[in-house]
Amino acid sequence: MKFRSCKFELLGLEEGRWTILFIGDTEEMAVTEANRRLAQGKLKAVRVMAVRTVMNAFPTGTLVFEKTAPEVVKPSVLREAPDGTPLCSAPEDLYGRQSRRAIALILRDYLTRQQITPTELLHGATHLRRLQDTGAMLQAALHKAATVQSKVTGQNTRARIADLDRYVDVVAQKARDFQANSRKWSVPLNGGAAELSTAVERLVGPEGHDHAFYSLLTVRLSGIRTLGGKLEEVMRLATPETPWRLQEMLGGIAADLLRFSDVIQDLFGNQRCLSDFLIALIDLLRDPAAVAAKAEAESKVPTPMGLLARLLADDRLPEGREVLLEWLTTELASEHPLNRHDPKSEGSELTRVAVALTADGAIVGGEVVEQALAARRLIQRQQTLRGEGLHMIADSLKPN
C-alpha cells in the first residue's frame, strides 16, 4: 500500500504537558525548528515525530528526534556594595568587621550556596581558590567595592580594582601558607576554644595567634554543612569560662552567620507575618534574659535561640547585637507588608510593632530604629494615599 502523506510534528514539553508546536514537510525543517524553540529556554524537552498516513488506516507516528534542555544553573547574584564600604589600605583590612560585612552583602548568594561565612572565605585556602577560579565573579565583586572606594581615594576604578585584587592575592597566599604549615601540626580540633588557643599560641606565637585560630576554626567548621549548625557550634564554644578575647573572636564569626536570612529563619522559626517576626526580634533585643529563660524552660536541651539569648544577656555578643539591630531597622524601614495575608491590617500591625518598641519607655535601638519607624509610617501613609488615587500627594510626602 502507498502512503498518502508524511508530516513531521514538533512537540514541546512545558509545565509537564506535551503540545504540538509545529508541523513541517521535512525532517530537517522540524529538527531545526525544535532546536530553535529549545534554545529559547521555555521548553524542558522537544520531540519530532514522523506521522505517516496510510490509505484506509489510522496514522502512525515514529520518533525521529528527541532532545532535553540542559540543566540551568542559577548564577550567583552579586549584591550592591553597602553604604560605608570600608576603605582597605592593606591586605589585613580585609579581615576587619566592616570588610566582612561588605563581603557578606556583595557575595551573599555565593556564600549561601557554598554555606560559608566571610571569615571562612578569607581563612580557607580551598574556599578562596574556588572563588578565584570563578574569575568573572570575583572581578565583579571587586568592581562593586572599588566603585565606592575610588570616590574616597581619588583613584580611577581600574586602579582601585588592581589594589584590591593584589590584597586578595596576599590573603590567599597567607591561607595557602597556613594550610601547608598546619599539616605538620597535631592540634586537637574538638576541644574548647581556650584549649585550641593555647595550642595555637605555642606553635605560632602571639603575633600569629589570631590568623591561625580563625584558620583552625575554619577547618573545624568545614565539617558542618549548614550555616545554622555552624552558628550553634560557635555559640557553644563561647562559654563564660572562655577568655574574653576569644569570645570576641567567636562573636565575630557568630555575627557573620547572623547576616544570613536562612540562619535568622532557623532561629525564629515560621512566623505568621513580618510584624510577628519584628516583635520577636524586639523582645530578644530588649530582654534577652527573659527570652533565654523561656527557651530553657521549654526545652530540656540547649536550643540555638536559647544559646543566642544567653550570650546577648551576658553582653558576650556585641557584634551580633549590632547585626540583629541592622535586621530590625532594615525590615522595619522596608516596603515589605507587615501582614501580607491581610493588607487592610497594616495600620494595626504597625501599632503593635511601635508598642513593642517602646514597651519600657525607651525605644529599642535608639535613634536609628526611630528613623526606621518613621520611614515605615511614611510608606504606609503613601500607600494609603495611592490607594485613594492621590498619587501626586503621596509622591510629595517627605520624612518628618
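The values are calculated or read from the model by the stated rules, or taken from the named source; none is laboratory data. Being a predicted model, the structure only gives us computed values, none of them experimental. Ideal geometry is used to build each Cβ from the backbone, glycine not excepted, and the neighbour counts take in all protein chains shown. Areas reflect the complete protein model, heavy atoms only, side chains present, ligands, DNA and RNA absent. Shrake-Rupley method; radii C 1.70, N 1.55, O 1.52, S 1.80 Å.
Among the aliphatic types (A, V, I, L, M) and over 18 Å from the mean Cα position of the chain (by Cα), is that true of ALA102? Against the criterion (among the aliphatic types (A, V, I, L, M) and over 18 Å from the mean Cα position of the chain (by Cα)), ALA102 does not qualify. Taking the range 273-292 as the range and being in contact (Cβ under 8 Å) with a residue 60 or more places away in the chain, open to solvent by 20 Å² or more (accessible area, probe 1.4 Å) and under 22 Å from the mean Cα position of the chain (by Cα) as the test, only LEU274 passes.
GLN247 meets all of the listed conditions (1) polar (S, T, N, Q); (2) under 25 Å from HIS123 (Cα atoms); (3) open to solvent by 20 Å² or more (accessible area, probe 1.4 Å) but one, namely (3). The single residue among THR119, THR112 that is buried (at least 18 other Cβ atoms within 10 Å of the Cβ), at pLDDT 85 or above and not in a loop (DSSP other than H, G, I, E, B) turns out to be THR119.
Against the definition (touching a Pro at 6+ places or on another chain (Cβ under 8 Å), at pLDDT 80 or above and in the same structural domain as ALA333 (by the TED database)), how does LEU378 come out, yes or no? Judged against the criteria, LEU378 is a match.
For every residue, the table says whether it meets (1) assigned to a helix (DSSP H, G or I); (2) assigned by the TED database to the domain that holds LEU105; (3) at pLDDT 90 or above; (4) under 27 Å from ALA254 (Cβ atoms).
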position: HIS127; (1), (2), (3), (4): yes, yes, yes, yes
position: GLN139; (1), (2), (3), (4): yes, yes, no, no
position: ALA145; (1), (2), (3), (4): yes, yes, no, yes
position: VAL148; (1), (2), (3), (4): yes, yes, no, yes
position: VAL152; (1), (2), (3), (4): yes, yes, no, no
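Filter the range 361-400 down to the residues that are within 20 Å of PHE277 (Cβ to Cβ) and assigned to a loop (DSSP other than H, G, I, E, B), then identify the one that is farthest from the chain's Cα centre (by Cα). Looking at residues that are within 20 Å of PHE277 (Cβ to Cβ) and assigned to a loop (DSSP other than H, G, I, E, B), I get ILE363. Would it be correct to say that ARG100 is modelled with pLDDT of 85 or more and either in contact with a Pro (Cβ under 8 Å, 6 or more places away or on another chain) or hydroxyl-bearing (Ser, Thr, Tyr) (or both)? Taking the combined requirement at face value, the residue satisfies it. Considering the range 140-191, the residues that are charged (D, E, K, R), without any contact (Cβ under 8 Å) to a residue 40 or more places away in the chain and farther than 27 Å from GLY208 by Cα include one that is surrounded by the fewest Cβ atoms within 10 Å (Cβ to Cβ), namely ARG158.
Under the condition of being in contact (Cβ under 8 Å) with a residue 60 or more places away in the chain, among the small types (Gly, Ala, Ser) and surrounded by fewer than 18 Cβ atoms within 10 Å (Cβ to Cβ), the residues counted in the range 81-109 number 1. Would you be able to say whether some residue in the range 304-318 is touching a helix residue (DSSP H, G or I) at 6+ places or on another chain (Cβ under 6 Å) and among the acidic types (Asp, Glu)? Checked the range 304-318: no residue is touching a helix residue (DSSP H, G or I) at 6+ places or on another chain (Cβ under 6 Å) and among the acidic types (Asp, Glu).
With the requirement that a residue be modelled with pLDDT of 90 or more, of a type in the set (Asp, Glu) and under 23 Å from the mean Cα position of the chain (by Cα), what does the range 307-360 give you? Those that are modelled with pLDDT of 90 or more, of a type in the set (Asp, Glu) and under 23 Å from the mean Cα position of the chain (by Cα): GLU319, GLU322, GLU326, GLU331. In the range 233-244, of all residues being under 12 Å from ASP314 (Cα atoms) and touching a Gly at 6+ places or on another chain (Cβ under 9 Å), the one that is surrounded by the fewest Cβ atoms within 10 Å (Cβ to Cβ) corresponds to THR239.
Considering every residue within the range 293-315, establish whether at least one is under 30 Å from PRO343 (Cβ atoms), open to solvent by less than 30 Å² (accessible area, probe 1.4 Å) and touching a residue at least 12 places away in the same chain (Cβ under 8 Å). No; the residues of the range 293-315 include none that is under 30 Å from PRO343 (Cβ atoms), open to solvent by less than 30 Å² (accessible area, probe 1.4 Å) and touching a residue at least 12 places away in the same chain (Cβ under 8 Å). Do you know which residues across the range 361-385 are among the basic types (Lys, Arg) and open to solvent by less than 60 Å² (accessible area, probe 1.4 Å)? Answer for the range 361-385, where residues must be among the basic types (Lys, Arg) and open to solvent by less than 60 Å² (accessible area, probe 1.4 Å): just ARG376. Among the residues of the range 192-231 satisfying the criterion of being open to solvent by less than 50 Å² (accessible area, probe 1.4 Å) and among the charged types (D, E, K, R), which is nearest to GLU319 (Cα to Cα)? Only one residue tops the list, namely LYS230.
I need the full set of residues from the range 339-360 which are loosely packed, with under 12 Cβ neighbours inside 10 Å and assigned to a loop (DSSP other than H, G, I, E, B), in order please. Across the range 339-360, the qualifying residues are ARG340, HIS341, ASP360. Residues that are over 23 Å from THR117 (Cα atoms), of a type outside the set (A, V, I, L, M, F, W, C) and in a helix (DSSP H, G or I) within the range 196-230 comprise THR198, GLU201, ARG202, PRO206, GLU207, listed in sequence order.
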